[in-house]
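J.: First the structure, which I've put down as structure tokens, then a few questions once you've had a look.
Every read-out reported here was derived from the displayed coordinates using simple, explicitly stated rules and does not represent laboratory data. Computed from a prediction, not measured in an experiment: that's the story for all the values here. Cβ atoms come from the backbone with ideal geometry, glycine included; neighbour counts cover every protein chain shown.
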Amino acid sequence: MRRLSPGHWFSHLLAPDPRYALTGALFLRLLALIYLAAFISAAIEITGLVGADGILPAGDHLGRLQERAGTVAWLRFPTLFWLDHSDTSLQATAYAGCFFAVMLLAGWRPLLSTVALFVLYLSLFRVGQVFFNFQWDYLLLEAGFLAIFLTAGPNRLLVFLFHWLLFRLRFLSGLSKILTEDPTWANLTTLRYYFETQPLPHMGSWYAHQLPDWLLRTGTGFTLFVELVVPFFIFLPRPFRLFAALATIVIQLLIILTSNHNFINLLTIALCLFLLDDQALRRVLPRWLVGDATAQPQRSLVLKALLMPFAAVLLWTSATTIHEFVTGRRDTGNWNAPVNWVTAYGLGNVYHVFPNMQTQRQELIIEGSMDGRVWQPYLFRYKPNGPTDRPRFIVPLHPRLDWMMWFVPPQDAYMRRWFENFLWRLHTNSPNVTALLRHNPFPHQGPRYLRVLAYRYRFTTAAERERSGAIWDTQLLGEFPNVPPRKP
């Protein structure tokens, strides 16, 4: 076999890969839908979360960043909101993201659309603080960044980067379950608790919770197999890749049927397209969709020239973060470390989805009063508010306030600041914050008193639900935070 020179080797990596032309086009359409869901979710909540009268105002956050990082803050923490962080700008950015997502879905100006979507979402991500610090936000940013290069057509290097992203997402999620030594993963009892204790269950979660224990244990074992073994199939010959795609898609669909995890499962399925290739897709997709999705990509020498150096940075960063994750030697306090500069753009991060499993569900009910005797509850849109609350299916939307309430019961100091600010905004009756709720019992004036009650929630059995009609069995634990923290 003739040995390739470095120049020929680079040309080989950057040469168009005709096996993934349809795959790439279809991925861009699916990514557009996922972006659309993410920006719609942001448009609904962004001013209440980080607006001027929101829970964690973006202006205060940017001021702290500038004070700490100095004149390079705008580059070290990239966001358009350095120019203006008003409520109007926050809202306009979310709606602009919706517009460009529709543009990408229609296949109009895909390069402009993907660049705009990445910049707009990165801007929201950087000022979103704790509300945007989720695995799926990082995943969407990195997938969106790679999608910019995909508009010029797939090549071998780009396909490898998509494979590498999917591998990191799946394998590191499994590895984190081993590294934490969580007992429920070790003894295969995770699904005995998962459906009941997840942040935002829906009715499919209740039905899954009623399944026999042997089936739940089998499902836990299958999850570990798909996360720890199957990801290596990504880099093996085609039959292994097809199996990896099938196994991963099946488990993502099962999660959607039993969980509200916003858009991460749909994005994972979209990434699996690069394991299927065009030959496999043409066998399962209708002809009208195949013909509609195979528009010719816009060739760009600039994108082709930029891909190699960006790929080198991305691979180095992801390898470094994986090493730090496995060894536990990450210097999180060193803001100027080169790897932290790259991850600040949402690239090269470590993924660890549900490394620990909660065995009890603790719900916080916030109540207000004008006289300290008669108390009225604030009702959230999606999290449980009472025993008869029927959990709703909301995929792919991501209600971040409701989701964040799940992180408060462990009483971690990191969560305390935003929750106390949230209570203060309820006390002052901030309209942007109360708009995040389903019901504000004090529409005209904030309450004089607030209290937070902690309840133990568990799913009712089929017999209990038939007798009472309740989805949840609840037990008052006491006034928060004067109750035992939830662990973990």
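J.: Dividing the alpha-carbon Rg of region 84-231 by 2.2 N^0.38 Å yields what? All intermediate terms of the calculation are to be shown ahead of the outcome.
T.: Numbers: Rg = 19.6 Å, N = 148, 2.2 N^0.38 = 14.7 Å.
So the Cα radius of gyration is 1.33 times the expected 2.2 N^0.38 Å.
J.: Which of V230, V313, V350 sits closest to the plus end of the dipole of the chain, meaning its Cα is farthest towards the positive end, when Lys and Arg get +1 and Asp and Glu get -1 on the C-beta?
T.: In the chain, that residue is V230.
J.: In region 361-479, if the dipole is taken from +1 on Lys/Arg beta carbons and -1 on Asp/Glu beta carbons about the Cα centre, which of Q445, A435, N385 is farthest to the positive end?
T.: A435
J.: Also, quick follow-up: Which value in nm describes the separation of the simple spin-label points at H444 and Q210, placed 7 Å from the Cα toward the beta carbon?
T.: 4.6
J.: For region 364-488, what is the charge dipole size about the Cα centre, in debye to the nearest 20, if Lys and Arg each add +1 at the Cβ and Asp and Glu each add -1 at the Cβ? Write down the numbers at each step before the final one.
T.: On the way: 18 positive and 10 negative charges, 40 e Å.
It works out to roughly 200 debye.
J.: Moving to a separate point now. Given the -39500 (n - 2.57) contribution per DSSP H run of 4+ residues, what per-residue ellipticity at 222 nm results for the chain, rounded to the nearest 500 deg cm²/dmol? Working shown, then result.
T.: On the way: 22 runs with 281 residues, N = 488.
It lands at -18000 deg cm²/dmol.
J.: If R0 is 45 Å, what FRET efficiency do you get for F243 and A186 from their C-beta distance, rounded to 0.05? Don't skip to the end; give the middle numbers.
T.: Numbers: r = 26 Å, r/R0 = 0.58.
Efficiency, from the Cβ-Cβ distance: 0.95.
J.: How far, in degrees from 0 to 90, does helix 273-284 lean away from the longest principal axis of the Cα atoms of the chain, to the nearest 10?
T.: It is inclined by approximately 80 degrees.
J.: Based on the Cβ-Cβ distance of N421 and V374, what FRET efficiency does E = 1/(1 + (r/R0)^6) give at R0 = 30 Å, to the nearest 0.05?
T.: Values: r = 26 Å, r/R0 = 0.86.
Efficiency at R0 = 30 Å is approximately 0.70.
J.: Now, a different point. With +1 assigned to the C-beta of every Lys and Arg and -1 to the C-beta of every Asp and Glu, and no other charges, what is the dipole magnitude of the chain about the Cα centre in debye, to the nearest 20? Please list the in-between numbers first.
T.: Numbers: 43 positive and 30 negative charges, 206 e Å.
Value, rounded to 20: 980 debye.
J.: Over the Cα atoms of the chain, what Rg and Dmax result, in angstrom?
T.: Cα only, the chain: 23.5, 86 Å (Rg, Dmax).
J.: Whose amide H sits under 5 Å from the amide H of N260, counting only residues 5 or more places off or on another chain, with H placed in the peptide plane?
T.: The answer is L200, H202.
J.: Related question: If you average the sequence gap of Cα pairs under 8 Å that are 6 or more apart and divide by the length of the chain, what percent do you get for the contact order? Write out the running numbers ahead of the final one.
T.: Details: 736 pairs, mean separation 99.5, N = 488.
So the answer I get is 20 percent.
J.: Could you derive backbone 3J(HN,Hα) for region 14-26 from the dihedral phi with the Karplus parameters 6.51, -1.76 and 1.60 (θ = phi - 60°), listing whole Hz in sequence and x where the residue is Gly or Pro?
T.: 8, 5, x, 10, x, 5, 10, 5, 5, 4, x, 5, 5
J.: Under the 0.36 nm per residue contour assumption, what length would be gained going from the current alpha-carbon distance of V284 and A305 to full extension? Before the final figure, lay out the partial values.
T.: Values: separation 21, 0.36 × 21 = 7.56 nm, distance 3.47 nm.
Using 0.36 nm per residue and subtracting the Cα-Cα distance, I get 4.1 nm.
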